[in-house]
1. If you take the residues in the stretch 207-218 that are in contact with a helix residue (DSSP H, G or I) (Cβ under 6 Å, 6 or more places away or on another chain) and modelled with pLDDT of 90 or more, which one is farthest from residue 77 (Cα to Cα)?
2. Filter the stretch 130-142 for residues that are in contact with a helix residue (DSSP H, G or I) (Cβ under 7 Å, 6 or more places away or on another chain) and more than 16 Å from residue 224 (Cβ to Cβ) and give the result.
3. In the stretch 138-168, what residues are surrounded by 20 or more Cβ atoms within 10 Å (Cβ to Cβ) and over 17 Å from residue 219 (Cα atoms)?
4. Consider only pairs whose beta carbons are under 8 Å apart and that are at least six residues apart or on different chains; among these, list those whose first residue lies in the stretch 197-210 and is touching a residue at least 24 places away in the same chain (Cβ under 8 Å) and whose second residue is surrounded by 11 or more Cβ atoms within 10 Å (Cβ to Cβ) and assigned to a loop (DSSP other than H, G, I, E, B).
């Protein structure tokens, strides 16, 4: 199995992966006065901007939350935080082999380590932002309690989906350099086609039906329901995304292993 082969390689080189993650964080913030704060500055800025712009417009579209002054802030934070994890991972994975071309040419290590480093770095950034979000929920008295356990399968599914898609696109990008540019453009459209800064209920029924084609829509909705209304995720609605994730992991792994020997020649 291709996934098993890559997992064994990652386990053997786990020290290299962790040291690379630590080295990346050190290099990124070594000369910075604010350090790791910059890793959360962009998503926090997005949250503030969208909350200020849309909070009054969209509050009435959150059923049963009219009396909750922070309802839209909770809603939009849940979407943007998780979207940031997805977009950061996917954009970096799409370009990871090209960005580390010199390292690939000079060093002998399993190339799958590079997507693993990207994943761990993004998860650390996500953990920092999530901790701040949970602190905000605790302060306003909207702590989700034991429902936080549902984050484990949700985040795991999201990360695996992104890894499968990212490895596939990252490998393709080595041979077809337009893939990286196209991914960036698609992500902009994908963001607005996902109910993050608006609610699905404001859309016409026909458009709501079309949005079911978006594999991330039920995932983002699960995060929003968990944090805003304290609802346990509807895992049945996540079955299509789960099947897509399995397919992407298998296809991405097979394609990567079939082309990994040609990466050096193309970089």
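The values are calculated or read from the model by the stated rules, or taken from the named source; none is laboratory data. A quick note: this is a predicted structure, and the numbers were derived from the prediction, not measured. Backbone-built Cβ (ideal geometry, glycine too); neighbour counts: all protein chains shown.
1. Checking each candidate, the answer is 215.
2. Across the stretch 130-142, the qualifying residue is only 132.
3. 166, 167, 168
4. Cβ pairs passing all conditions: 199/62.
Yes or no, residue by residue, for (1) surrounded by 15 or more Cβ atoms within 10 Å (Cβ to Cβ); (2) under 21 Å from residue 150 (Cα atoms); (3) in contact with a strand residue (DSSP E or B) (Cβ under 9 Å, 6 or more places away or on another chain):
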residue	(1), (2), (3)
195	yes, yes, no
204	no, no, no
218	yes, yes, no
225	yes, yes, no
230	no, yes, no
234	no, yes, no
237	no, yes, no
242	yes, yes, no
249	yes, no, no
